[in-house]
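Take a look at the structure below.
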Amino acid sequence: MTTRVGRRPGASLVGLAVALVAAAGCMVGGASEPGGAPAPEQPASSGTPGADATRADGTNSVEEFQQDVADARSIAERYWAAQFRASGQGFQPIRRVIPYRRSGEVTCGGQEIPRNNAVYCTASDYIAYDVNWSFGAFRQIGDAFVFYLLGHEYAHGIQTRLGIRYNFTIQQELQADCMAGAFLGDSVRSGTLRLDDGDLEEFRDGLLAVGDDPDQPWFAEDSHGTAEQRTDAFFRGYEKSLDACDLT
Ligand SMILES: [Zn+2]
């Protein structure tokens, strides 16, 4: 995936297993959900992402990771600002995007945010992500992970701005997947982002490989949806834009 500035050749999407795990671990409001999914390979324990690994897709350096986080954030901000403007509403970007390294380093509404997670905190309007965990996923999967992760968490901030609060977590999460899909699909259509050949198929394969355990009750507090539900939600948004996401 490349941004319009064309900083480097597009990296292929190796599979989004961990991206969906990230979403599974995300938190809305006060309740944290570590997710229980296998964590991606962790970079060296120094607390700073290591830059020693090399990926065939070229997405390996700390600098690229940080740049992708910044790009994903600014593209999401511009995207949502334009959506709000088009409907005659003012827009406040999400206040902060905070990297963290230790469990409890960041709190949301008094609750410690655990490692291996990424969250949107409704109480304080920020996105926080475990930088080592996210960087590991970025190296394993590719840069699309960062755009998906930020897109999904940013969507929770938009839900808050729109006053959308479903009764069940799974509804909130599948809508966020749809909105992340719309954000990415629209950004590709507008030329802000570019996918390489085969990326969509790999994206789909990755989405299918993950999701809640089939035995997970849909009404459970940490349910995010089965692989099929999440894939459907994401690609409904990706292909049809926000009209598919029931934002009204
Ligand atoms: Zn979420």
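What to note about this one:
- In the stretch 114-129, residue nearest to R73 (Cα to Cα) [restricted to those that are at pLDDT 95 or above and of a type outside the set (S, T, Y)]: I127
- Residue within the stretch 143-156 that is buried (at least 19 other Cβ atoms within 10 Å of the Cβ), modelled with pLDDT under 95, aromatic (F, W, Y) and away from the ligand (no atom under 16 Å from the Cβ) present: no
- Residue check, A53 among the aliphatic types (A, V, I, L, M) and at pLDDT 95 or above: no
- Members of the stretch 157-170 that are closer than 18 Å to G225 by Cβ and within 11 Å of the ligand (Cβ to nearest atom): Q159, T169, I170
- Residue within the stretch 176-188 that is part of a helix (DSSP H, G or I), over 27 Å from E105 (Cα atoms), touching a strand residue (DSSP E or B) at 6+ places or on another chain (Cβ under 6 Å) and away from the ligand (no atom under 16 Å from the Cβ) present: yes
- Residue in the stretch 159-167 that is among the hydrophobic types (A, V, I, L, M, F, W, C) and surrounded by fewer than 24 Cβ atoms within 10 Å (Cβ to Cβ) present: yes
- Members of the stretch 84-123 found to be surrounded by 14 or more Cβ atoms within 10 Å (Cβ to Cβ), under 20 Å from the mean Cα position of the chain (by Cα) and among the polar types (S, T, N, Q), listed by number: S103, T107, N116, N117, T122
- Residue in the stretch 203-212 that is basic (K, R), modelled with pLDDT of 75 or more and in contact with a helix residue (DSSP H, G or I) (Cβ under 7 Å, 6 or more places away or on another chain) present: no
The values are calculated or read from the model by the stated rules, or taken from the named source; none is laboratory data. Quantities reported herein were computed from a predicted structural model and do not represent experimental measurements. We place every Cβ from the backbone using ideal geometry, glycine too, and count neighbours over all the protein chains shown.
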